[in-house]
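Input: a single structure, listed below in structure tokens.
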Amino acid sequence: MRRKKIINKTIYHVLVTLFGLIMIYPLVWMFMSSFKDTNTIFTTATQLIPETFKFENYANGWKGFGGISFGTFFGNSLFISILATIGTVFSSAIVGYGLQRCKFKGSRILFVAMLLSMMLPAQVLMIPQYLWYQQLGWVGTYLPLIVPYCFAIQGFFVYLVMNFIGGIPKELDESAKIDGCTYYGIFARIIFPLLKPVLVTSFIFSFMWRWDDFLSALLYINDSARYPVSLALKLFADPGSTSDYGAMFAMASLSLLPIIVIFIFMQRYIVEGISTSGLKG
Amino acid sequence: MKKKSLTLAQRLNRESTAGVVCSLPFIIGFLFFMIVPMGISLYYSFCDYNILSPPEFVGLKNYIQMFTADDRFWKSIGVTFYFALVSVPLRLIFALIVAMILVKGSKASPFYRAVYYLPSIIGGSVAVSILWKRMFATDGVINQILGMFGLPDNTSWLGQTSTAIWTLIILAVWQFGSSMLIFLSALKQIPAELYEAANVDGANGIQKFFRITLPLLTPTIFFNLVMQMINGFLAFTQCYIITQGKPMDSTLFFTVYTYQQSFEFYKTGYAAGMAWVMLLIVGLVTLVLFATKRFWVYDEGN
């Protein structure tokens, strides 16, 4: 009986591990290939570990395109992602507070609008927003990639905050009110400090999404010196580009690094974010 | 946060005013970045417009052309539906199976969970798309691995109309991680008493799954289905980078075709009309899903 249990357990772990390896094999393969001699990547594709680890691809890839190094692209991505994320987190926090804690005419309509904004994805808005930003003279600048996010347009984050505030006892608000705190004071001194976990979750998700964002960069940024990483990577994939696959995999791996590092260290927040927001749809 | 002068303080501090003030960013954002652009594009969709010259009102011409004279329009709708209707259910089934396996729990579970979840965190990135493109190339790693097992190793996965769409579907299914996480936390919330009672009644594993687990999961499945269908209909990056709609438009997603109309053929008015059609399709699909809800989704209220 006991032996059967151990055998079952072993089979379970072997199968689950095996399947897990298949899942991440493409990523490991890319990462390993980035250390191979660029000419041998596809002739030795089935050999996972390089014979010698070479960093030439990283040096070559980092040079970038037309004299613009990947350092610039990374800097651009960081700039856009951080600003848009800070805007998202703070605006979503205050809007979430307003919708959850204050009763006012039209708050229900706003709530519905927020759900709508959750279901109205960027791809539907691609052409409409382009036309609008063109009239505003925003095309070619970072404004379309940053400014809208400072206005809580991603309902997902407002929803996360509302959910979280819903779990904070209202007595806290009431007693602060008796002590003479205004509604804004309650937000700034009581609610906001308590929001830390949900703000971290929002920060992580927003940053990852902005970092990966390709569509809006493709639409609005046409000067290659201002390209974020996602758009710069696409240059490797363009037909007719000199196909230095080693450099391509090196820079692609590097572009995933921030996300993977966040993922490893912030996993708890990510799992919680997905589970709670997903459950209470 | 909000600086308040004494004279204004009391008026600003009414609950209703505070609510509006706090919601102001969203009110502005929603109007300015969603409603206004949608409105403008509605107008342009009735125009001949190519960004360079001023719009010229042509009534329903764009829509009529779309529905009656544009084969690629219909083709792209077909491809998009095929992609969404195949990849989303596959992804959910995968997510559910893996969640059922992992929910049993062991010390290694958090580690497994992380490994399975990682692809869905980075799967939408350009980096993964260019990797995918190389993996499925004729001299790519997929063919070489097949060759190792003595299977045909010269299939042009991206070059054949029958297989190209499947490279995109596999990429989508590969990202089942976030659905899996949602299923995992839903599974943990099913009361253990239900299973105990079923054990007393002598139910077997299959009965327990179909009588307890699955019905109680239907609200979660429904939520996943709605959100992922919407996303499935609107996939862009993968298609744009990996196949660009080729070969012979067999992977031409609606979003990519819209992009082409606007930014490659400079028919922006036409593309604005397509964006509206896209919105209607997504809305319609969502409505249909909601209409079927009462037939199969377990309602906790009753």
Chymotrypsin sites (Phe, Trp or Tyr not before Pro) within the range A:1-93: DSSP coil, no more than 15 neighbouring Cβ in 10 Å: A:53, A:55
Long-range amide H partners of residue B:47 with built H, under 5 Å: B:58
Label-point separation in nm, residue B:69 to residue B:289, each point 7 Å along Cα→Cβ: 3.6 nm
Simple label model, 7 Å out from Cα along Cβ direction - residue A:40 to residue B:57, nm: 7.0 nm
Helix axis angle, A:107-119 relative to chain A longest principal axis, alpha carbon, degrees: 10 degrees
Exposed-loop-free span, longest in chain B, where GluC sites (Glu not before Pro) count as exposed if DSSP calls them loop and at most 14 other C-beta atoms lie within 10 Å: B:1-263
Residue exposure sequence - B:132, A:138 - by fewest surrounding Cβ within 10 Å: A:138, B:132
Proxy reagent accessibility, fewest Cβ within 10 Å first, across A:243, B:179: A:243, B:179
Over chain A, relative contact order from alpha-carbon pairs under 8 Å, at least 6 apart, %: 30 percent
Cross-link pairs beyond the 32 Å C-alpha cut-off, checked among A:103/A:196; B:75/B:208; A:4/B:293: B:75/B:208; A:4/B:293
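Summarise the partner chain shielding of A:21-30 as one whole number: the mean count of Cβ atoms from other chains within 10 Å of each residue's Cβ.
Per residue, the average neighbour count from other chains is 5.
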Highest-fluctuation residue, A:234, A:63, A:103 considered, GNM on chain A with Cα pairs under 10 Å: A:103
Highest-MSF residue in chain A out of A:39, A:57, A:76 [GNM, Cα springs under 10 Å]: A:39
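We did not get these values from a lab; they are worked out from the coordinates using the rules stated. Source: prediction; values computed, not measured. Virtual Cβ from ideal backbone geometry, glycine too; neighbours counted across all protein chains shown.
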